[in-house]
Amino acid sequence: MTRPAKGFLLLGLLVALLLAGVVSHYASNEPDGLNRVAVDKGFARGQHDPVRGPLAGYSVKGIADGRLSSGLAGVAGVGLTFLIAAAVVVVVRRRTARSDRPSAHSRDEDLTGQPR
Amino acid sequence: MHVPDGFIDAPVSVGAGLVAAAGVAVCLRGARRELDDRTAPMAGLVAAFIFAVQMLNFPVAAGTSGHLLGGALAAILVGPYTGALCVAVVLLVQALFFADGGITALGVNVVNMSLVTVLVGYLVFKLLLAVLPRSRRSVIASSFVAALVSVPVASLSFVLFYALGGTTDVPLGKVLAAMVGVHVLIGIGEAFITALTVGSVLAARPDLVRGARGVTPTLQLRPSAAPIAG
């Protein structure tokens, strides 16, 4: 088996939460490459207004303080993304386990952690 | 590089949606082989980390910013199939909850920012690793170049969609030159962030960089009775 990665994972998540929750406040507010080009070259006029949910534009609706609002939105986004990605992993692994059942040996080999 | 609703017309958006769905299906299948006990716990973290870093727009030119796309990074850390799924989850969350990237443009965005960046980034990474000496430095250098190349190629993919289904009549040459030009600059930022992240994980837990397996020394298996330092 592998060394436990729990400590590394928790540290990584903490870094992600800090980046999205705190550091993001200091990010550039200028339009990104695509939006800049779209405005400069004139194809931005095709754009439709997006559906604006409670977290639209990386701010929490109803929270006036910009720093708090964007920080909370960032933390919510990190949490949502982590949960959905983890759920996808669980589903894929469950399906793998099921389809591997007739040949359980090949799965055991993977678990020894040998590089392939 | 999130495409909002309305830049690309409905038929091409639907077509891109089908391509994206097919790509995600292939990745769900391919990820079965990648998601071993070491990679599986990393996938959620990689997706969450990319979401966070995508919020950190950095200035690239007067009045223009860029942010990480993350396809090359994800592919190197957790494998190309799982990596593409991670970025697709990020794009889904951004479109559904943050109004970043249109819902109808989700297919276009998944193709450009997940499938294309992963494919290009991973290919460049693997090609470079094959010719460079086997070392940690080579892994970091390869991830730098892979990330650097992946961003302008993703912008080319956007231009292709624009050529097929752009809703405005801006000359294609203008769009092409401007898009590739600015995304070469953004690619430099992508390269630094990717190399820094891969280098950090290599320093802390080299066994968790899937793309470096067989390059960095393999961890020794120890009997469970032995005391483990640290």
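The values are calculated or read from the model by the stated rules, or taken from the named source; none is laboratory data. Remember, predicted model here, so these are calculated numbers, not experimental data. Cβ sites come from the backbone with ideal geometry, for glycine too, and all protein chains shown count toward neighbours. Accessible surface areas use protein heavy atoms only, side chains included; no ligands, DNA or RNA. Shrake-Rupley method; radii C 1.70, N 1.55, O 1.52, S 1.80 Å.
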Sequence-distant residues sharing a close amide H with B:Ser65 (under 5 Å, placed H): A:Asp32, A:Gly33, B:Val60
Candidate lysines for bridging to A:Lys6, where Cα separation is under 20 Å - those fewer than 8 sequence places away on the same chain excluded: none
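What is the ratio of the Cα radius of gyration of the protein assembly as shown to 2.2 N^0.38 Å, with N the residue count, to two decimals? Display every interim value, and only then the final one.
Details: Rg = 20.2 Å, N = 346, 2.2 N^0.38 = 20.3 Å.
With N residues counted in the protein assembly as shown, Rg over 2.2 N^0.38 Å equals 0.99.
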In sequence order, calculated HN-Hα J values of the range B:131-142 (Karplus, 6.51, -1.76, 1.60; Hz; x Gly/Pro): 9, 7, x, 6, 7, 5, 4, 5, 4, 5, 4, 5
Exercise: per-residue mean of other protein chain Cβ atoms within 10 Å, A:50-56: 5
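To the nearest hundred square angstrom, how large is the accessible surface buried between B and A, total for both chains, probe 1.4 angstrom?
Details: alone 11520 and 10110 Å², together 15990 Å².
Accessible area lost upon association: around 5600 Å².
Using the Cα centre as the reference, give the magnitude of the dipole from point charges on the C-beta atoms of the protein assembly as shown (Lys, Arg: +1; Asp, Glu: -1; all else neutral), rounded to the nearest 20 debye.
1100
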Residues in the range B:145-176 that a label on B:Asp9 would reach, taking backbone N under 14 Å of a point 7 Å out along Cα→Cβ: B:161-170
Partner chain coverage, peptide B:204-211 - average Cβ within 10 angstrom: 3
Using θ = phi - 60° and Karplus 6.51 cos²θ - 1.76 cosθ + 1.60, couplings along the range B:175-184 (whole Hz; Gly, Pro as x): 4, 4, 4, 5, 5, 5, x, 5, 7, 5
Alpha-carbon spread of chain B, three principal axes, descending order, Å: 69, 33, 30
Solvent-accessible heavy-atom area per residue, rounded to whole Å², over chain B at 1.4 Å: 38
Relative contact order of the range B:16-100, pairs being alpha-carbon contacts under 8 Å that are 6 or more residues apart, as %: 32
For peptides B:28-37, B:163-172, sequence by mean Cβ density within 10 Å, most packed first: B:28-37, B:163-172
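Other chains near B:148-155: what is the mean number of their Cβ atoms within 10 Å of each residue's Cβ? Display every interim value, and only then the final one.
Working: counts 0, 0, 0, 1, 0, 0, 1, 3.
Average neighbour count from other chains, rounded to a whole number: 1.
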Computed over chain B: relative contact order in percent, which uses C-alpha pairs under 8 Å that are six or more apart: 26
Cross-link reach list, lysines versus A:Lys41, counting only Cα pairs under 28 Å and skipping chain neighbours closer than eight places: B:Lys174
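Summarise the accessible area of the protein assembly as shown (1.4 Å probe, protein heavy atoms) by the percent that is carbon and sulfur. Could the numbers behind the result be given before it?
On the way: 10660 of 15990 Å².
Carbon and sulfur: 67 percent of the exposed surface of the protein assembly as shown.
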Cα→Cβ-extended label distance, 7 Å offset, between B:Arg33 and A:Lys61, nm: 4.5
